[in-house]
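The values are calculated or read from the model by the stated rules, or taken from the named source; none is laboratory data. Small disclaimer: the values here were computed from a predicted structure and weren't measured. Virtual Cβ from ideal backbone geometry, glycine too; neighbours counted across all protein chains shown.
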Amino acid sequence: MVNYGIAILLLPLMAFVVQIFIGKRLPRNGDWVSVSAVALTLCLSLAMFGVMLVKYDPEFSVDETWTWFDLGSLQVQIGILIDNVTVVMLLVVSLVSTLVHVYSTAYMEGDLRYSRYFAFLSLFTFSMNGIVLANNLLGIYIFWELVGLSSYLLIGHWFEKDSASDAAKKAFLVNRVGDIGMFIGIMLFFTATGSFLFRDVFAGVESGLLSTEILTVAGLCLFAGAIGKSAQFPLHVWLPDAMEGPTPVSALIHAATMVAAGVYLSFRLFPIFTPTALTVIAYIGGFTAIFAAIIAVTQNDIKKVLAYSTVSQLGYMILAVGVGAYTYGLFHLVTHAAFKAGLFLCSGSVIHAMHYAYHELHDHESDPQDMRNMGGMRDKMKTTFLTMLICTVALSGVPFTSGFLSKDAILAGTLSFTLHHPEHFLLVLFGFGAALLTAFYMFRLIFMTFYGEPVRREVYDNIHESPSAMTAPLVTLATLSFFLFFTLPYFNPFSDHGWFTVLIDSRDSVVPGHLNLTAHEIAEGMHHAHTPAMLLSILIAFSGIGLAVFMYLQKRISADHIAAKLSLPYKLSLNKFFVDETYQRYLINPSLILARMIAFFDWEIYDKYIVNGFGKVTEWFSRVVGIRWDYDILDQQIVDGVGRTTGFFSARLRLIQTGKVQNYLVWVLAGVIMIYVFQAI
Amino acid sequence: MGNIQSISYFLPELMVIATVVVALIADLVYSDRNSYKVGYLVIAGLVVASFTLWLSLPEETTPIFLNTIVVDPFSRIFKFVFLLATFIVVLMSMNSDELKGVRTGEYYTLMAAMVLGMSLMASSVDLIMVYLSIEIVSIISFILAGYLRAQVRSNEAALKYVIYGAFSSGLMLYGLSLLYGLTGTTKLFQLSGSISSLGPGSNLTLTVSTILMLAGFGYKVAIVPFHFWTPDVYEGAPTPVTAYLSVAPKAAGFALLIRFFNTLFGTGQPLNSPVWQAMEGVPWQDILMVLAAVTMTVGNLVAIQQKNIKRLLAYSSIAHAGYILMGVPVLSQEGVYAIVFYIIVYLFMQLGAFSLAIVVSNRYGTEIIEEYSGIGWKSPYLGFFMAVFMFSLTGIPPTAGFIGKMYLFAALINGGSQFYWLAIIGVLNSVISLYYYMRVVKVMYFQGGREKDLYVPGGMSAAIVLAMAIPSIYFGVRWSFLADWVNSSLKFFIAGF
């Protein structure tokens, strides 16, 4: 198993190295290198998955550790952990990655930096697998930064566009904020327990090496990394901007895998979160879920809607961790990866078609991503429409889909948590509210894009279905949105009971003092809350869909009318609650002013006078020794002096060489004497 | 041990001797055009010799050939260094345009013979053997430096080298004879005993003798003020020879220096004891400290002014001799450890920089640093690895050069407060060296235009560069393998006989 893991880790890395160095010179710009490397990882992941299903052992776990370096008292160990969670995550990552690689061969065709794009895509796959495979915090941190880097490179793939390079920078910087917190958290645990390994850290926490207060702070610091990477409020601002990257990138990195890394981290570290930390986590997740859903309702850019929807769904997963139903957070991560990647790839297909149509008409002004320019496309793009509809139904949480199972479980978990702690009733409102809005805005997207009359007839006439390299991944992902793949060997569409819930076992908290509910108590509570939560969520999903039908399909209620009536909430939502503007005014501008002041001091005063002064003195000294002494005196006067004498006695060639070396020899003798004199002193 | 029994301990050297003989005969057979094929024979011979050395017992310590040389782990690790350096330089020479059109069979034969001389330097414990081994290495170096007979500057370099070398060995011989006159023996271990029984009346003679011998060793490793031959010879000699001279004989010189001073002027403690006592009366520790400081300072300051890459690397090698010399007066296992470690690391980065200079010279026909402009963009392969070697030579993490320097400074700091000033000067010198090393990088990346066609060096040249670059980086990240090996090799033959 470990060898499989290492192979999965290294294959995309090899593809990256090949692509970045010689990709341009290979036939087809080398896309087959990346595609086949990633496809091989998919085969390996499938094999591991098969082994896992055959074993069918919730306790299965392989942990291999190596010493990375040894500084005497400090030993840093890294290693690979493979358990059922790893296997599932590897499958998700390599499956989505493979589909996105295939899809990209068509989507990115003719791109200026085609081979570089695939190189970075492979680099990302490598880093993401690294996060999943690491058995220690340090390894996670390293790969965490690597996925950040590849995300940065891919968002900025079209860096000629200012908006793209700005978005890349923003993503990187905002993530740094979270990562610093994460680093502090890691070091807090390392200082206390002396190890980066999960098992040592858990054991250290269990034996009470950290006081409850420190443990809360350290846990929240670690969680800050997840806030950044999984785009939770208040660090969510980078994700919508990241849509400037190519759409397949959005599907892979900013919908299915990288943004889920935060959820994965919280999942892995769940046992060391204190009740206080978990409450904070639950509120951040719940608030993000509803907050992003409200914004998504008013967006007109097809990718922005999906971006905010992703933020909102990630909020759900975090909420699940916070309320203790964290295996269901992971469950939602897996199901969401399939249908959200599918949605993004579908939107890519639509944008591709729109872009092509505008290109044919020589229209470079209109925005191919604006849903107000679309409409009626279902006849022209049958496959895209059908697959997108299936994914949308799944995201809305309609029965018979995978999304229904996972979302329902999270809502049941939240309901049960609130029944135990009635003071946290807001969490339930957040959860169900976001579910209502999700169904609404997703169907709004479907109706605006695929139904109604086309806005411009000549554009509509130029719309074509995308090539099969693009539609095949869509069909695959849409198929995976049905419940069956997650409930096997059972066939009950209303119960999440299946291989996933059996194999992914929840662990009890290791925080000393038994302040948390045990896994058993949580499961018990969820079991009781299951039926009401399910009925409620079905009702809510259908009301959301119904509202969308009324407003955007039958147009019985005018959207503009409501917007005018609710002008304040509408404006807040449309402008994303002015979070970016607030950051700009209160954080970024003051920092820039401070930076300029410091830069002035550093450059104008410190650098110009002190550093350069030091340099000048050294240079002067070097000139004295090197030029005046070694060159002017020794070389020019003594050596070349001899050389000049040669001018007079050019016939006596013999003398030149002798003369020159004699001088050297004089120096040797002088050196011996100088040393003697020195030692005598 | 008698001559016949000794032979079984002398197998690696015998393999080298056999290589020399076979190469000599083969060179007679080959025509001018095929003469370079001797290089392959030499490579094969070196591989066999390395293998034999590897098979020899690592822990063996015994004097052989009537107690003139010893076999011990310390000489063993140095023999590996010589074999490796020679191996690389032979490969480099076969890819150098400078040596095209010249009959090179003899050249490779001489290189193999030099390995023998250096191995003897690293293992001799008898004054006569010390002198002989130094002479073997020197005389071969003279011929190699002047190998391009048709070129005036190569010729001139060789002639200067001969005269300078002869003079220095004369001084050293005088020092050795004074020592023999005082004690009546040429064996190092007996010398050590006899010296401690001499009265304070002989201190003056002993000091003069030490300084004179230092002139001989100093010339071999290019310590200021015995360095004057270095820039001229390094510039004039064919570049592969320059690379060779700046690494292998220098390492041999240090091996000899360490063994000589520690055996002669220590109080006879085994090498693996933590701190040795210096002998009273002769202030050789102070002398070496000052020489180290002066050597690196002069080397670095003058290097700043150089415009030719070979001259730059020549002065930089003087500076590195100064760094390495810092470890000698500390008189601790840590110091010797740091020296050996640094020499191995230095081998990779110095030979790497030279092999790159050869590739650049083959391709762009220049040795002038200013004309390196834009190479970072014209040929990313060359630019990147040159930057790696420059970083490593400066000692910037995560390169091997950093780890090497770290151990040297650590040895000084742990040696006691009397070494602090030397450590400070060493650090200041590293800063100065940054200036001229980074200038090369700057010229490559920030000056000059781009070209449409990227140049990627082919086959063997690229492989040599890569083979030097990988350890230069790898040992900066994971050096425990190297550290263990060096640590286990710090054993002299020590008992008297």
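Within region B:465-486, the set of residues being of a type in the set (Val, Ile, Thr) and closer than 12 Å to B:Gly401 by Cβ comprises just one member, B:Ile473.
Filter region B:302-333 down to the residues that are hydroxyl-bearing (Ser, Thr, Tyr) and part of a helix (DSSP H, G or I), then identify the one that is nearest to B:Gly426 (Cα to Cα). Spell out how you get there, then give the answer.
Of the residues in region B:302-333, the ones hydroxyl-bearing (Ser, Thr, Tyr) are B:315-317, B:323, B:332.
From what is left, the residues that are part of a helix (DSSP H, G or I) are B:315-317, B:323.
Working: B:Tyr315: 16, B:Ser316: 14, B:Ser317: 15, B:Tyr323: 7 Å.
If we take residues in region B:302-333 being hydroxyl-bearing (Ser, Thr, Tyr) and part of a helix (DSSP H, G or I), then B:Tyr323 is nearest to B:Gly426 (Cα to Cα).
All of (1) buried (at least 24 other Cβ atoms within 10 Å of the Cβ); (2) assigned to a helix (DSSP H, G or I) hold for A:Ala231 with one exception: (2). Is it the case that some residue within region A:442-455 is over 15 Å from A:Gly546 (Cα atoms), touching a Ser or Thr at 6+ places or on another chain (Cβ under 8 Å) and either modelled with pLDDT of 90 or more or not hydrophobic (A, V, I, L, M, F, W, C) (or both)? Checking region A:442-455: not a single residue is over 15 Å from A:Gly546 (Cα atoms), touching a Ser or Thr at 6+ places or on another chain (Cβ under 8 Å) and either modelled with pLDDT of 90 or more or not hydrophobic (A, V, I, L, M, F, W, C) (or both).
Going through region B:103-118 one residue at a time, which ones are more than 28 Å from B:Arg259 (Cα to Cα) and within 20 Å of the chain's Cα centre (by Cα)? Listed by number, the residues that qualify are B:Tyr107, B:Tyr108, B:Thr109.
Do we have any residue at all in region B:165-179 that's surrounded by 16 or more Cβ atoms within 10 Å (Cβ to Cβ) and more than 14 Å from chain A (Cβ to nearest Cβ)? Taking every residue of region B:165-179 in turn, at least one turns out to be surrounded by 16 or more Cβ atoms within 10 Å (Cβ to Cβ) and more than 14 Å from chain A (Cβ to nearest Cβ). A:Gly110 meets the conditions (1) part of a helix (DSSP H, G or I); (2) at pLDDT below 90; (3) out of contact with any Pro (no Cβ under 8 Å at 6 or more places or on another chain) in every case but one. The failed one is (1).
Scanning region B:56-65 for residues that are under 15 Å from B:Ile7 (Cβ atoms) and not aromatic (Phe, Trp, Tyr) yields B:Ser56, B:Glu60, B:Thr62, B:Pro63, B:Ile64. Checking each residue in region A:357-370 for being modelled with pLDDT under 85 and of a type in the set (Ser, Thr, Tyr) picks out only A:Ser366.
Could you say which residue among B:Val130, B:Val102, B:Val137 is away from chain A (no Cβ under 14 Å), touching a residue at least 24 places away in the same chain (Cβ under 8 Å) and out of contact with any helix residue (DSSP H, G or I) (no Cβ under 7 Å at 6 or more places or on another chain)?
Working: B:Val130 fails: out of contact with any helix residue (DSSP H, G or I) (no Cβ under 7 Å at 6 or more places or on another chain); B:Val137 fails: out of contact with any helix residue (DSSP H, G or I) (no Cβ under 7 Å at 6 or more places or on another chain).
Exactly one of B:Val130, B:Val102, B:Val137 is away from chain A (no Cβ under 14 Å), touching a residue at least 24 places away in the same chain (Cβ under 8 Å) and out of contact with any helix residue (DSSP H, G or I) (no Cβ under 7 Å at 6 or more places or on another chain), namely B:Val102.
Looking for whichever is within 12 Å of chain A (Cβ to nearest Cβ) and modelled with pLDDT under 85 here; the options are B:Leu204, B:Leu191. Which one fits?
Checking each option against the conditions leaves just B:Leu204.
Could you list, in sequence order, all residues of region A:152-189 that are more than 16 Å from the chain's Cα centre (by Cα) and closer than 29 Å to A:Leu269 by Cα? Selection gives A:Gly181, A:Phe183, A:Ile184, A:Gly185, A:Ile186, A:Met187, A:Leu188, A:Phe189.
Could you please find all residues in region A:5-32 being over 17 Å from A:Val96 (Cα atoms), more than 23 Å from the chain's Cα centre (by Cα) and assigned to a helix (DSSP H, G or I)? Those that are over 17 Å from A:Val96 (Cα atoms), more than 23 Å from the chain's Cα centre (by Cα) and assigned to a helix (DSSP H, G or I): A:Val18, A:Phe21, A:Ile22, A:Gly23, A:Lys24, A:Arg25, A:Pro27, A:Arg28, A:Asn29, A:Gly30.
The set of residues from region A:1-39 being buried (at least 18 other Cβ atoms within 10 Å of the Cβ), over 30 Å from A:Lys55 (Cβ atoms) and among the β-branched types (Val, Ile, Thr) comprises A:Val18, A:Val33, A:Val35. Would you list the helices (runs of 4 or more DSSP H) that sit entirely within region A:531-628 and hold 3 or more residues that are more than 14 Å from chain B (Cβ to nearest Cβ) and more than 30 Å from B:Ile425 (Cα to Cα)? Counting at least 3 such residues, we get A:559-565, A:567-574, A:579-583, A:589-600.
Which of the following residues is touching a Ser or Thr at 6+ places or on another chain (Cβ under 8 Å), in a helix (DSSP H, G or I) and either surrounded by 24 or more Cβ atoms within 10 Å (Cβ to Cβ) or modelled with pLDDT of 90 or more (or both): A:Leu389, A:Leu395? First the steps, then the outcome.
Values: A:Leu389 fails: touching a Ser or Thr at 6+ places or on another chain (Cβ under 8 Å).
Residue meeting the stated conditions: A:Leu395.
B:Val298 meets all of the listed conditions (1) within 14 Å of chain A (Cβ to nearest Cβ); (2) over 20 Å from B:Ile211 (Cβ atoms); (3) in contact with a Gly (Cβ under 9 Å, 6 or more places away or on another chain); (4) modelled with pLDDT under 90 but one, namely (2).
Against the test of being within 24 Å of A:Leu395 (Cβ to Cβ) and of a type in the set (S, T, N, Q), the options A:Ser495, A:Ser506, A:Ser567 yield a single qualifying residue, A:Ser495.
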